[in-house]
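Engineer: Please find one structure pasted underneath; my questions will follow.
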Amino acid sequence: MKQHFQNLMDEEEAAIDMTPMLDVVFIMLIFFIVTASFVKESGIDVNRPEAATAVKKDRANILVAISDKGEIWINKRRIDVRAVQANIERLHAENPQGTVVIQADRKSTTETLIKVMDASRAAGITDVSIAAQEP
């Protein structure tokens, strides 16, 4: 009986406690989720114009789409032109490093594009780009 009790004690001492490792893994997971930057989609597909000098933008976090009918879409919602600045300010507050990329349809008017650009700059974002596709 004493020998059996001693064997049980040896097995318990040899077991590896996985709890600290799981704690570290969960803390790392939470850290990466909190620090990740999320892209805010515009909500519609736009037929972008072609540009020979089009360059891929790495940190485009706020996408604003302008349809061929002049509708403005931010974060999968149709937005009135007067509410563009407030929506961009809210999204910029969530991610201060974010930039604005305007995805204007090739049949949209320049007037709508300029209004969205002005609203973006009035919201405090100086890095405003217009999306184009490579030919």
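Engineer: Which ones in the stretch 101-115 are in a helix (DSSP H, G or I) and either open to solvent by 100 Å² or more (accessible area, probe 1.4 Å) or over 15 Å from I125 (Cα atoms) (or both)?
Structural biologist: Matches in the stretch 101-115: T110, E111, T112, L113.
Engineer: Still on this structure, please answer the following. Can you confirm whether I62 is surrounded by 12 or more Cβ atoms within 10 Å (Cβ to Cβ), out of contact with any Asp or Glu (no Cβ under 7 Å at 6 or more places or on another chain), modelled with pLDDT under 85 and β-branched (V, I, T)?
Structural biologist: It is true that I62 is surrounded by 12 or more Cβ atoms within 10 Å (Cβ to Cβ), out of contact with any Asp or Glu (no Cβ under 7 Å at 6 or more places or on another chain), modelled with pLDDT under 85 and β-branched (V, I, T).
Engineer: Please go through the stretch 116-126 and give me each residue that is surrounded by fewer than 14 Cβ atoms within 10 Å (Cβ to Cβ) and either at pLDDT below 85 or hydroxyl-bearing (S, T, Y) (or both), ordered by number.
Structural biologist: The answer is T126, and nothing else.
Engineer: How about the stretch 87-99: which of its residues are surrounded by fewer than 12 Cβ atoms within 10 Å (Cβ to Cβ) and among the hydrophobic types (A, V, I, L, M, F, W, C)?
Structural biologist: We begin by selecting, within the stretch 87-99, every residue surrounded by fewer than 12 Cβ atoms within 10 Å (Cβ to Cβ); these are 93, 96-97.
Selection gives A93 alone.
The values are calculated or read from the model by the stated rules, or taken from the named source; none is laboratory data. Please read all numbers here as calculations on a predicted model, not as lab measurements. Ideal geometry is used to build each Cβ from the backbone, glycine not excepted, and the neighbour counts take in all protein chains shown. The area values use the complete protein model at the heavy-atom level, side chains included, leaving out ligands, DNA and RNA. Shrake-Rupley method; radii C 1.70, N 1.55, O 1.52, S 1.80 Å.
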